[in-house]
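Since the structure comes first, as structure tokens, the remarks are kept for the end.
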Amino acid sequence: MKGPGTAIIIYGVLVTAALALGLATSQQPPQSTVPSVDNPGPQGLRALYLYLQESGAPVLALTKAFDASGLPTGSGTVVVAAPSGRPVTESEAQALREWVRAGGTLVYLVSRDSNQRQAHLDDWLEVSPGPLLAPGSEGLPPEEKDLTGTTARVWVPVGAARGLEHLRVAADRALSVGHPEAVPVAGARSAAVLWRVPEGSGEVYVLSGPDVAENRRLELLDNLRFWDALSARGPLLFDEYHHTLGPRREPPSARGLWVFAAQALVVGLLYVVARGTRFGPPRPLLEEKHRSALEYVRSLGWLARRSKVERELVPELARQLRRRMHERLGISLALPEDEAARLLEQTCGLPASDYLAAREELVRTMEQREIHPSDYARLARRYARFEELVTGRVTAPVTKP
């Protein structure tokens, strides 16, 4: 442990561990799922925002709370797309309600995440989750693929849904609006995904999730025409204020400090292991003495005596010999025993009487109620001798006339 080569190896390991931890923390973050106009990912609203800008519609990102100064004067549309940062407060919900009564239009895209529900807006409109929607591709052209979506038919073409036939939404939960004036505008089968709630001189459109505005489904079916109808009413404001975190947000350097502390701890542990002192002298290696082959043979013999002889082993001796006679001497397996014994005598010189006598002994052994190991051993030795003659390992003794 004191040589220069060992020190280089230790330092190399420490540097490699530090680099690995640094690379693990510098990986690309996953795509954002926040339905924000600044999110260009599949679940963002960036495409809709840019489309409205290019088409000349008055569109704006609302970065203030809902109050008299943050809401547009006169007619217009405010889009609250599943807020995931700050909650909508009671005073903000009341300000929205008064603004809608004065002639404004509110588009409330309800979040499907139960942890991100807006209690004050849901209480005002009496929003509750609905049944699950089944996937479907109704109305989609063959070249369009949306495996996680379904098609909602427009049941009541009123307001911003006038002239529309189908909307493309996610195959997720629908929603129910219990407001007395609520009217289901679109849905799949008996599950509604779009509701219209009149409120004074204005109206509220409640949709299940931000699917109609998302980048991945904006151009499918009549989704884009729905937003064109809303933009024709006046300024269109997208709520971005409630997508940002409140003052409880952790400083961005907190994670870096934890990573640095973890790196330092790993480096310290490796140094302690490398430079630490043993608690005592190394113990001598224990020599393992393996059993000899003779011991294994004796154990197998003892096991065979204890387990006795299986009856199937006895006729296998004769079958094995006949197979050897067929392979080596060409004596067919279909010949009777006396004919096979005669041919064996002609080719190997083994008297046919010896072969037939061994065959009779095998039959008598099979007729016994219990086969003793000594009987099986005697038969095995006899047939082993026959097999040696057939394979040519030994020659038959010459009998004098």
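The values are calculated or read from the model by the stated rules, or taken from the named source; none is laboratory data. Computed from a prediction, not measured in an experiment: that's the story for all the values here. No Cβ is skipped: glycine too gets one built from the backbone with ideal geometry, and neighbour counts run over all protein chains shown. Note: areas computed on protein heavy atoms with side chains; ligands, DNA, RNA excluded. Shrake-Rupley method; radii C 1.70, N 1.55, O 1.52, S 1.80 Å.
In loop segments of segment 38-134 as defined by DSSP, the trypsin sites (Lys or Arg not before Pro) with at most 13 further C-beta atoms inside 10 Å of their C-beta are K64.
Farthest toward the positive end of the dipole of segment 263-367, out of L333, Q320, L362, is the Cα of Q320, where the dipole comes from beta carbon charges about the Cα centre. Label separation (D338 vs E310): 3.5 nm, computed from points 7 Å beyond Cα along the C-beta direction.
Compared with the alpha-carbon gap, the fully stretched path from R189 to Q320 is longer by 39.7 nm at 0.36 nm per residue. A DSSP coil position with no more than 15 other Cβ atoms inside 10 Å describes the following trypsin sites (Lys or Arg not before Pro) in segment 297-401: K308, R311, R369, R393.
Between V273, V154, V390, the Gaussian network model of the chain with springs among Cα atoms under 10 angstrom shows the greatest mean-square fluctuation at V390.
Here semi-axes √(5λ) of the Cα gyration tensor in Å was computed from the coordinates, and among (1) 90, 39, 20; (2) 33, 30, 19; (3) 43, 22, 19 the match is (1). Here is how the number arises for the chain: DSSP H runs of 4 or more residues each give -39500 (n - 2.57), the sum is divided by the residue count, and the result at 222 nm is -12500 deg cm²/dmol. Net charge dipole, the chain: roughly 2580 debye, given to the nearest 20, about the Cα centre with Cβ charges of +1 for Lys and Arg and -1 for Asp and Glu.
Taking the Cβ-Cβ separation of Y296 and I8 as r and a Förster radius of 56 Å, what is the calculated FRET efficiency to the nearest 0.05? Efficiency, rounded to the nearest 0.05: 0.70. Sparse packing (at most 10 other Cβ atoms within 10 Å of the Cβ) combined with a DSSP loop state is found for the following GluC sites (Glu not before Pro) in segment 86-183: E143. Given their separation in residues at 0.36 nm each and the Cα-Cα distance between them, R275 and T347 gain 18.0 nm when the chain is fully extended. With every protein chain in place and a 1.4 angstrom probe, the accessible-area ranking of M366, M325, largest first, reads M366, M325. The gain in end-to-end length when the L286 to R173 segment is fully stretched comes to 33.9 nm, 0.36 nm per residue minus the alpha carbon separation. Nearest 10 degrees, 0 to 90: what angle lies between the long axis of helix 337-348 and the longest principal axis of the chain (Cα atoms)? Helix 337-348 and the main axis of the chain meet at about 70 degrees.
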